[in-house]
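Since every read-out is calculated from the coordinates, none of them should be taken as a lab result. Please read these numbers as outputs of a predicted model, since none were measured by experiment. Positions of Cβ are backbone-derived with ideal geometry, glycine not excepted, and every protein chain shown enters the neighbour counts.
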Amino acid sequence: MKKIIFGALLTSVLAISCVNQKQEGVLVANPDTFEQKMTEPEVQILDVRTEGEFAEGHIQDAQNIDVLQDDFKEKVATLDKNKPVMVYCKMGGRSAKAAGILKEMGFTTIVDLEGGYTAWKASGK
C-alpha cells in the first residue's frame with residue numbers, strides 16, 4: 001500500500017514539475033486566447049509538425065518548420081527574435097519542445113497553443 005501511495009505521489013510531483021517547466025517563460029494559451037494573440041502586430045505563427053501533417057490542414061499564415069528535423073534551429077534562426085512567436089503542433093508535446101528551444105535561442109515572446117491543432121479544430125476554428 002505504501003508503495004502505491006509513494007508511486008502516486010511521485011507521479012504527481014513529476015507531472016507538476018513538467019507543467020511548470022513547459023510554462024516557464026512561455027505563455028500556454030487555449031485556442032481562444034491563441035486566436036486573439038494572433039491579431040497582434042508582427043506575429044510569427046510557427047507550425048512545428050511534419051510536412052504531411054501541415055499539408056492536411058494548418059492555421060492560416062503559419063510557417064511550417066518541423067521540430068524533429070536536424071535543421072530546426074537553423075531554420076528558426078531566420079525568424080525575428082524580438083517579434084512574438086505563436087507555436088503549435090498536433091497536441092502540444094512537440095510545440096512545448098520547440099518553445100523550449102526558442103526560449104534558449106533568445107526569443108522574447110513565445111505563445112504555445114494548449115492542446116495543439118487538435119484543440120484548435122475541436123474548438124471550431
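For residues in region 44-81 being among the small types (Gly, Ala, Ser) and part of a loop (DSSP other than H, G, I, E, B), which is surrounded by the most Cβ atoms within 10 Å (Cβ to Cβ)?
Ala62
For region 80-125, which positions are under 8 Å from the mean Cα position of the chain (by Cα) and acidic (Asp, Glu)?
Asp112, Glu114 - these are the residues of region 80-125 that are under 8 Å from the mean Cα position of the chain (by Cα) and acidic (Asp, Glu).
Results for (1) surrounded by 20 or more Cβ atoms within 10 Å (Cβ to Cβ); (2) in a loop (DSSP other than H, G, I, E, B); (3) touching a helix residue (DSSP H, G or I) at 6+ places or on another chain (Cβ under 9 Å); (4) basic (Lys, Arg), shown as yes or no for each residue.
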{"position": "Lys83", "(1), (2), (3), (4)": "no, yes, no, yes"}
{"position": "Lys90", "(1), (2), (3), (4)": "no, yes, yes, yes"}
{"position": "Ala98", "(1), (2), (3), (4)": "yes, no, yes, no"}
{"position": "Ile101", "(1), (2), (3), (4)": "no, no, yes, no"}
{"position": "Val111", "(1), (2), (3), (4)": "yes, no, yes, no"}
{"position": "Tyr117", "(1), (2), (3), (4)": "yes, no, yes, no"}
{"position": "Trp120", "(1), (2), (3), (4)": "yes, no, yes, no"}
{"position": "Lys125", "(1), (2), (3), (4)": "no, yes, yes, yes"}
